[in-house]
Each structure stands twice: as structure tokens, then as C-alpha cells.
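The values are calculated or read from the model by the stated rules, or taken from the named source; none is laboratory data. Note that this is a predicted model, so its numbers are computed, not measured. For neighbour counting, all protein chains shown are included, and Cβ atoms are generated from backbone atoms with ideal geometry for every residue, glycine included.
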Amino acid sequence: MNIILIITFIIFIAFSRFAPHPPNFTPILSIALFSGMVFKNKFIFCIPLGAMLLSDYYIGFHNSIIWVYVSLLLIYLLGKAFFNYFSTINIFLLSFLSSVIFFILSNFGVWLIGYPKTLSGFIACYIAAIPFFTNTLLSTILYSFIFYYGYKYILKNNKIISNKTK
């Protein structure tokens with residue numbers, strides 16, 4: 001993949017975190033999933049990771065950030081496991097699963113640093129996070145379908161362009 005394209009993706013994703021949006025309504029999970037599903041290069045995880053590092057540098061790092069980054073890595077690996085298995089149902093199911101992975105891991109980190117280490121503290125942490133899950137789920141599904149259909153469109157048009165040039 002072209003380094004200019006990678007840098008463009010990173011900057012676009014980083015800026016998407018600065019644009020006005022509801023909490024947790026960004027394309028970052030979709031990019032991590034899509035990167036794994038589409039690109040063969042094992043270092044392509046640098047796209048979502050680079051975007052997060054760049055934007056977190058300005059937004060600010062926090063104590064539970066490692067849990068966010070680990071969840072992105074797992075979502076990327078989930079996409080890798082389904083490399084080239086494109087279908088509407090797969091995109092929907094993988095987007096849902098990605099949102100659940102992010103919800104579980106990121107809020108585990110929040111519980112570790114900000115809630116009592118009791119069962120009631122654990123439950124309170126996850127209950128408080130439910131409104132954020134809705135936005136995460138909706139944005140991941142929306143952006144995943146945008147990337148999926150955009151990618152299919154590009155592939156279709158590239159095929160048409162290649163046939164015209166032969």
C-alpha cells in the first residue's frame with residue numbers, strides 16, 4: 001500500500017476524532033476491522049494505531065488507553081481472520097462483535113482505574129457505559145457498511161477500467 005495513502009488514512013481518521021460528533025461515534029473501529037479484512041500487509045495495523053496515537057497526542061492520553069489500543073488490535077485481528085470474506089451479513093456481524101470487544105475491554109480498563117474493585121463497582125461501570133455502547137455500535141455498523149460498499153464500488157470500477165485498457 002502506498003505510504004501517501006496510509007498517511008492520508010491516518011490523518012483522516014485522527015481528524016474524525018476532532019470533528020464534532022456524539023461520544024464514541026467515530027470510524028476508528030471500522031477502520032481497524034476493514035484494515036484486517038482487506039489488506040495483506042501485516043503492518044497495516046499502523047493505520048488505526050497511528051490515527052489513535054496522533055489524535056491522543058492532542059486529545060490527551062489517559063490511564064486506560066492500553067485497553068483501547070488492545071481492543072483495536074483484537075478487532076484488526078478479527079478482520080484478518082475474515083480476510084476477503086466479504087458479505088453484508090459478515091460485515092454486520094463483525095461490526096457488532098467489534099463493538100462488543102471494544103465495550104468489554106475499554107470499560108474493563110475504566111473499571112480498573114475508576115471504580116471500586118468489587119462486583120457492584122464492576123456492574124456500575126458497565127451500566128454507566130451502556131449509552132456509549134449505542135453510539136459505538138451504530139457508528140461501527142454505519143462506517144463498516146460505508147467502507148464495504150465503497151470498496152466494492154472501487155473494485156468494480158477498477159475492473160471496468162482494467163478491461164477498457166486491455
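Scan the range 76-88 residue by residue and report those that are assigned to a helix (DSSP H, G or I) and either without any contact (Cβ under 8 Å) to a residue 40 or more places away in the chain or among the polar types (S, T, N, Q) (or both).
Within the range 76-88, the first condition is being assigned to a helix (DSSP H, G or I), and the residues that meet it are 76-81, 88.
Hit for the range 76-88 is Thr88, nothing else.
Rundown of residues vs (1) at pLDDT 95 or above; (2) in contact with a Lys or Arg (Cβ under 8 Å, 6 or more places away or on another chain); (3) not small (Gly, Ala, Ser), yes/no style:
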| position | (1), (2), (3) |
| --- | --- |
| Thr88 | no, no, yes |
| Leu97 | yes, no, yes |
| Phe103 | yes, no, yes |
| Leu142 | yes, no, yes |
| Gly150 | no, no, no |
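Here are some residues: Leu93, Leu72, Leu29. Which one is out of contact with any Pro (no Cβ under 9 Å at 6 or more places or on another chain) and either among the hydrophobic types (A, V, I, L, M, F, W, C) or surrounded by 14 or more Cβ atoms within 10 Å (Cβ to Cβ) (or both)?
Values: Leu72 fails: out of contact with any Pro (no Cβ under 9 Å at 6 or more places or on another chain); Leu29 fails: out of contact with any Pro (no Cβ under 9 Å at 6 or more places or on another chain).
None of the other options fit; the residue is Leu93.
Taking the range 24-46 only, how many residues are in contact (Cβ under 8 Å) with a residue 40 or more places away in the chain and over 18 Å from Ser95 (Cβ atoms)? Break it down into steps so the answer makes sense when it comes.
Filtering the range 24-46 for residues in contact (Cβ under 8 Å) with a residue 40 or more places away in the chain gives 24-38, 40-41, 44, 46.
The next check asks that each one be over 18 Å from Ser95 (Cβ atoms); those that pass are 40-41, 44, 46.
So the count comes out to 4.
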**Study point:** Conditions (1) over 25 Å from Cys125 (Cβ atoms); (2) in contact (Cβ under 8 Å) with a residue 12 or more places away in the chain; (3) polar (S, T, N, Q); number of the one not met by Ser55
**Key:** (1)
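Of the residues Leu72, Leu54, Leu97, Leu78, which is under 16 Å from Asn135 (Cα atoms) and either of a type in the set (A, V, I, L, M, F, W, C) or in contact with a Gly (Cβ under 8 Å, 6 or more places away or on another chain) (or both)?
Details: Leu72 fails: under 16 Å from Asn135 (Cα atoms); Leu54 fails: under 16 Å from Asn135 (Cα atoms); Leu78 fails: under 16 Å from Asn135 (Cα atoms).
Answer to the check: Leu97.
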Revision key, fill the gap. Taking the range 19-57 and the residues there that are of a type in the set (Phe, Trp, Tyr) and part of a helix (DSSP H, G or I), the one that is nearest to Ile141 (Cα to Cα) would be Phe34
Exercise for review: Show the residue pairs that are 6+ apart or on different chains and have beta-carbon atoms under 6 Å apart, the first residue being within the range 89-117 and more than 27 Å from Tyr148 (Cβ to Cβ), the second being modelled with pLDDT under 95.
Suggested key: Gly109/Ser64; Val110/Ser64; Ile113/Asn63; Ile113/Ser64
